[in-house]
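Down below is the structure, laid out as structure tokens.
Taken together, the values in this text are just the output of simple stated rules run on the coordinates, not laboratory data. All values reported here derive from a predicted model rather than from experimental measurement. Reconstructed Cβ throughout: ideal geometry from the backbone, glycine too, with neighbour counts over all protein chains shown.
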Amino acid sequence: MGYNKQLDGFLSSSFPGLQLKSPLFYNSAIAVRFELGGNLEEQSRVERVIDRALSIFKELNQPTDDIYLTVFVDSWGENPVASFEKDVYELFFAYASGVRNEDIDKLEQEFRYKDPDENGDDDTITLRYCTKAKVKDLKVEELLGAIANREMGYEPRIVGDIFLVNETKKSIFYVYDNRGMDVVAEDKKTLRAVYDKYNNWILDYDRSRIDKIFS
């Protein structure tokens, strides 16, 4: 069974009805949204994004946990698959130790953000690339650095929306951009530690909703 099918089975069992897309926080029953870069500028912003996201990741995930590293990229006429697929594969090779071409499962699906009221003329599709690895085999700090730098317009080139889905802890980790990140879990006990320890990083706009989950 391919990794995408495994992932779909896991999501339907642990997170029925949830899709891996923004806004993940608002579509989840048990979730926390953290502020990352804030109003900082340039390198200070990048450094804080990495520091906060990495701290939360380490709190949630253990080295032997199984993670689905999943990347979504949208494609349309002027953005064909050939224009980005090499970069997607390079992402997996760079940030997941030992991954080979055959370890990356590719799935073509309907555009994730398709408006149900549209007439169907839009040719946009979504490509989902997925592999499975142990946390200890992921270069998480480097990956987070690449995401943070991408948002600032710096190299290295990294494409797509990146989700880290922990099959062991039944949780999802998603940096949506350098402003913030969402963490989701099947059980609120899984997120209690990050809610308590990093409470002052919670995005104030969503604080009341988050507090109700853990009250």
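Is there a residue being under 18 Å from residue 181 (Cβ atoms), of a type outside the set (A, V, I, L, M) and within 20 Å of the chain's Cα centre (by Cα) anywhere in region 98-120? Taking every residue of region 98-120 in turn, none turns out to be under 18 Å from residue 181 (Cβ atoms), of a type outside the set (A, V, I, L, M) and within 20 Å of the chain's Cα centre (by Cα).
Count of region 192-207 residues, restricted to those that are without any contact (Cβ under 8 Å) to a residue 60 or more places away in the chain and surrounded by 12 or more Cβ atoms within 10 Å (Cβ to Cβ), is 3. The set of residues in region 1-16 that are of a type in the set (Gly, Ala, Ser) and either closer than 19 Å to residue 108 by Cα or in contact with a helix residue (DSSP H, G or I) (Cβ under 8 Å, 6 or more places away or on another chain) (or both) comprises 2, 9, 12.
Looking across 113, 89, 129, one residue alone is under 19 Å from residue 6 (Cα atoms) and among the hydroxyl-bearing types (Ser, Thr, Tyr). It is 129. Every condition in (1) in a loop (DSSP other than H, G, I, E, B); (2) among the basic types (Lys, Arg); (3) free of Cβ contacts under 8 Å to residues at least 60 places away in the same chain holds for residue 189 except the one numbered (1).
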